[in-house]
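The values are calculated or read from the model by the stated rules, or taken from the named source; none is laboratory data. Remember, it's a predicted structure, so these values are computed and weren't measured experimentally. Cβ coordinates were reconstructed from backbone atoms using ideal geometry, including for glycine residues, and neighbour counts include every protein chain displayed.
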Amino acid sequence: MRRPRLTVRVRLTLLYTVLFAACGTALIAITYGLLAANLPGIDDLVAGENARMTTPADDKGEIPPAEFLEACKRVFNGEPADEPNLRIKCQKAYEEGIIVGARTQRDATLDSLLWQSGLSLGAATLLAAVAGWFVAGRVLRPVHRLTAAARAASEHNLSARVALGGPRDELRELADTFDLMLERLQRSFDGQRQFIANASHELRTPLTVMRASVDVVLAKPHATEAELRRMARDIRVAVDHAETLIGALLTLARTDRGLVVREPTDLATVAEDVLDGTDLRDRRASLTLDPAPTTGDPVLLERLTANLVDNAVRYNVPGGEVSLTTSTVDGHVRLEVSNHGPVVAPEAVGALFQPFRRLHDRTGTDGFGLGLAIVASIAQVHGGTVDADPLPEGGLRVTVTLPGT
């Protein structure tokens, strides 16, 4: 048999009720003990009673109660006593009556306190349970709003927000954190959809070129060898174009999985190897390669450096300069690559690190707009940062900062 599920509201109500009842019981016990210990004159009266009980009995026997009371009245009114010890006996009987009355009054007071306090505690506990039910509901109201927002959120609709007001307490902080999470997810999904659309568009371009080349040749009944060779060259260029794009996409996917390989790597050595394998065309190279030891994936760090050098060569002016600098500053290593080129507006720098985002004056026929996006992704997965600064005379300076060893 399945046990009934207690909601958080029920559990909070029970907790409030139990705590209230426990505190009320403790308060009653403390009040009862203090009152019992501080009733005036009880100890003295009990001591007097014990003294009376040790008094020797009268030799002449007991006096009947009614006659004894009448005799005591006459004695206390100043009349002569018929018996020598009658005044003493009357005095002791009077003290005994005071003791019995005081004890009876004390017990009645304590019993009345106990019963009335218990009934009051029961009624107050019931009211506390009802109040706790409503208070718990009000406290959990933001949680219900969080639940509703989570249920409304999906991959295709992340616009729901909690937007909780009121004081900045823990629940407000939780709601704000949840809203920020939804906002990040929405940006991530939007970026992913845009990335997929751009990647599809870029991949469609070489496929379109290959299809057009094949269709042109097939449309001719008797294609010549030269036309077939021209078609083969066009298809080869389109295949290389697609292969380069797929390699860039695989690099981005690899960095999204996180850093798997960690090996000691010197960025100065990596930069020198990359520069040796790069066709600088008519560009001049300026090198300042100080030791820059770090830890990471050597393949990814080589790709990062290669992308920076490739961008510096591609988006340069004829006969321009490509500058590479590696250094170690305050426990961090830096790789700085700068080039001559067109003037870049400062507000347009941020777009350079977005996938498939090209500036109108930095468009090349052999680029995809993924170079700096890959650089930023590789730097991030290594715990580093990338900064780009436009040069006043034209060109761009890109600085990669990574943790040192």
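No other residue among A238, A248, A271 is touching a helix residue (DSSP H, G or I) at 6+ places or on another chain (Cβ under 7 Å) and assigned by TED's automatic domain parsing to the domain that holds S327 apart from A271.
Let's see how each residue does on (1) at pLDDT 75 or above; (2) surrounded by 11 or more Cβ atoms within 10 Å (Cβ to Cβ); (3) among the hydroxyl-bearing types (S, T, Y); (4) closer than 28 Å to S120 by Cα:
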| residue | (1), (2), (3), (4) |
| --- | --- |
| R5 | no, no, no, no |
| G24 | yes, yes, no, yes |
| V46 | no, yes, no, no |
| A57 | no, no, no, no |
| A66 | no, no, no, no |
| V75 | no, yes, no, no |
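Checked against (1) in contact with a Gly (Cβ under 7 Å, 6 or more places away or on another chain); (2) farther than 22 Å from G394 by Cα; (3) buried (at least 22 other Cβ atoms within 10 Å of the Cβ); (4) not charged (D, E, K, R), P293 passes all but condition (3).
Residues are listed down the side, and each one gets a yes or a no for (1) more than 25 Å from D273 (Cβ to Cβ); (2) modelled with pLDDT of 85 or more:
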{"position": "D310", "(1), (2)": "no, yes"}
{"position": "V313", "(1), (2)": "no, yes"}
{"position": "N316", "(1), (2)": "no, yes"}
{"position": "S327", "(1), (2)": "no, yes"}
{"position": "G331", "(1), (2)": "no, yes"}
{"position": "E347", "(1), (2)": "yes, no"}
{"position": "E393", "(1), (2)": "yes, yes"}
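Applying the set (1) under 47 Å from the mean Cα position of the chain (by Cα); (2) part of a loop (DSSP other than H, G, I, E, B); (3) closer than 25 Å to Q354 by Cβ to A312 leaves exactly one unmet item: (2).
Can you tell me which residues in segment 282-309 are in a strand (DSSP E or B) and under 17 Å from V322 (Cα atoms)? Result: R284, A285, S286, L287, T288, L289.
Can you tell me how many residues within segment 369-395 are part of a loop (DSSP other than H, G, I, E, B) and surrounded by fewer than 18 Cβ atoms within 10 Å (Cβ to Cβ)?
Let us first name the residues in segment 369-395 that are part of a loop (DSSP other than H, G, I, E, B), namely 369-370, 382-384, 391-395.
Restricting the remaining residues to those that are surrounded by fewer than 18 Cβ atoms within 10 Å (Cβ to Cβ) gives 383, 391-394.
Summing the residues that are part of a loop (DSSP other than H, G, I, E, B) and surrounded by fewer than 18 Cβ atoms within 10 Å (Cβ to Cβ) in segment 369-395 gives 5.
Any residue in segment 335-347 that is in contact with a Ser or Thr (Cβ under 9 Å, 6 or more places away or on another chain), touching a residue at least 24 places away in the same chain (Cβ under 8 Å) and part of a helix (DSSP H, G or I)? So far as segment 335-347 goes, no, none of its residues is in contact with a Ser or Thr (Cβ under 9 Å, 6 or more places away or on another chain), touching a residue at least 24 places away in the same chain (Cβ under 8 Å) and part of a helix (DSSP H, G or I). Would you check if there is a residue in segment 262-276 being assigned to a strand (DSSP E or B) and buried (at least 18 other Cβ atoms within 10 Å of the Cβ)? Yes - at least one qualifying residue is present in segment 262-276.
Of all the criteria given as (1) at pLDDT 75 or above; (2) surrounded by 13 or more Cβ atoms within 10 Å (Cβ to Cβ), the one not satisfied by K220 is (2).
All conditions in (1) in contact with a strand residue (DSSP E or B) (Cβ under 7 Å, 6 or more places away or on another chain); (2) surrounded by 17 or more Cβ atoms within 10 Å (Cβ to Cβ) hold for A285, with the sole exception of (2).
Within segment 200-215, identify whether any single residue is polar (S, T, N, Q), surrounded by 12 or more Cβ atoms within 10 Å (Cβ to Cβ), closer than 30 Å to L308 by Cβ and without any contact (Cβ under 8 Å) to a residue 40 or more places away in the chain, and answer yes or no. Yes: one or more hits. None of T365, T405, T305, T385 is at pLDDT 90 or above, over 24 Å from S188 (Cα atoms) and either outside the structural domain of V274 (by TED's automatic domain parsing) or not acidic (D, E) (or both) except T305.
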